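Taking it in order: structure first as structure tokens, then the write-up.
The values are calculated or read from the model by the stated rules, or taken from the named source; none is laboratory data. Just so we're clear, the structure is a prediction, and the values are computed from it rather than from any experiment. Don't worry about glycine lacking a Cβ; one is built from the backbone with ideal geometry, like all the others, and counts go over all protein chains shown. Ligands, DNA and RNA are stripped out before the accessible areas are found, and what is left, the full protein with its side chains, is counted by its heavy atoms. Shrake-Rupley method; radii C 1.70, N 1.55, O 1.52, S 1.80 Å.
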Amino acid sequence: MCSEAVMPTNLPPEAKDKWAEVEATNDPKLKLQKYQEFLSAVPQHKGTLKLRGQIKKKMAVIRRDLDDKKRKGTGKGSGGPKLFIEKEGAAQIALLGMTNVGKSSLLAAVTNAKVEVSPNPYTSREPVPSIMNYLDIRFQLVEAPAMMEGSADGKAWGMATLGSARNADGLILMVDLSHNPVHQLNLLLGELEKARVLVSRSKGRVDIDRKHAGVSLRIINVGRLIGCTMRQVEELLRSYRINDAIVKISGEVTLEDVEDAVFESTVYKPALIVANKLDIKSAEANLRRLEVHVAGKLPIVAISCEQKRGLELLGDALFRTMEIIRVYTKEPGARQPSTNPFTLKRGATLQDLAKSIHGEFVKNFVFARVWARRLQFSPQKVGLTFVLGDGDVVEIHAK
Ligand SMILES: Nc1nc2c(ncn2[C@@H]2O[C@H](COP(=O)(O)OP(=O)(O)OP(=O)(O)O)[C@@H](O)[C@H]2O)c(=O)[nH]1
Ligand SMILES: [Mg+2]
């Protein structure tokens, strides 16, 4: 894979420079232009075919989003619905399923969203966000337009559906227990895979986190590199001007996988299955079949929106699947910690917390005190590398 050529697709430096410019902008129009410039700098040979296809797809999504906005904007005078929903709360969860499985019913049952529930197929045609509260955590559920065969190829509202999945932090795969849930699940997973959204973590994985500005390039390898060395990985990343990021490698990873991660062509989303309509006669038998098929690879929550059964299990299932921890901060000298926790990913350190509070906090950090049940002594004086846990109370002392 990377025996002689370090770059699997052999991109010239101009193309890599252009890619850095693509990454640097969030303005859709400018991004579109930068993508175009990038494409012009990519040589047209077989080795770059896959990449060019992926970039064109990304451009199509942006164009469609811009068109939508223009149409809606001039038509009704409103901003119109967005293809991408801005994130809110601890995690954004895309609610995916074929039509009539009960996505809107679930939203209506666990959030205060005003949605249309109907036996007619394809009622919801654009992503609808709403907040679900669990303990002191807020999850943002986004009902995506129904998935169908061909969604990943852009059929009907496929762009919006797969876009919602790609944009989310996690997925709920919703199936209807009144008829063959295994078929429905396979269809969802098949379309997601076509769109390079994967739910399994069994294979290798490369995460590039560019949010950590100011850390320089850090590569954490807890996996195994196949056919390449750490140095080649670093060279490849730097050739794309990735000089300031945390890169995590786990499982078995090739240099091509690393480059895929640069273009974000494959993304991994934690997922859980919600099996609805448990009230229907054949549901129990279908649930057994689904459980046998899934074989513990994904969690399953069985519910009935109609009878409001099983809904109380959803919050905890999301909490576990999303690997969320809550951390309560306390001002030095204050008696009580804040009741509004910061939510972080399991494994997050004090440095991650400090950063999510304020970028300056890390620079001015002196020490912190942590109160936690799992510690032998509380409070304990700790530094930035301290790994936080759910329920920790933290008092940060800064200059
Ligand atoms: N028996 C039963 N019917 C349900 C349940 N949940 C939803 N339904 C019915 O299933 C139909 C579809 O529900 P919706 O919530 O509109 O489904 P959806 O997935 O949002 O459908 P689209 O937006 O059209 O793709 C409606 O007639 C609901 O009343 C349930 O738990 N049990
Ligand atoms: Mg709906």
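Here are the numbers:
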read-out: Most mobile of Phe139, Phe365, Phe84 in a GNM of the chain (Cα contacts under 10 Å); value: Phe365
read-out: GluC sites (Glu not before Pro) within region 249-313, DSSP loop, no more than 15 other Cβ atoms inside 10 Å; value: Glu264, Glu306
read-out: Reciprocal of mean inverse Cα separation for region 208-315 (Kirkwood radius, Å); value: 17.2 Å
read-out: Cα coordinate range in the chain, projected on the principal axes (Å, largest first); value: 63, 58, 50
read-out: In sequence order, calculated HN-Hα J values of region 129-138 (Karplus, 6.51, -1.76, 1.60; Hz; x Gly/Pro); value: x, 7, 9, 10, 9, 9, 6, 9, 10, 10
read-out: Difference of contour (0.36 nm per residue) and Cα-Cα distance, Ala60 to Ile226; value: 56.4 nm
read-out: Sulfur and carbon atoms: percent of accessible area, the chain [1.4 Å]; value: 51 percent
read-out: FRET efficiency, 1/(1 + (r/R0)^6) with R0 45 Å, evaluated for Glu193 and His358 via beta carbons; value: 0.70
read-out: Under Karplus coefficients 6.51, -1.76 and 1.60, residue-wise ³J(HN,Hα) of region 37-46 in Hz, glycine/proline x; value: 5, 4, 4, 5, 8, 8, x, 8, 10, 4
read-out: Relative contact order for the chain, counting Cα pairs under 8 Å that sit 6 or more residues apart, in percent; value: 13 percent
read-out: Interchain or long-range residues, amide H under 5 Å from Thr349's placed H; value: Leu388
read-out: Accessible area per residue in Å² at 1.4 Å probe, computed on region 259-399; value: 53 Å²
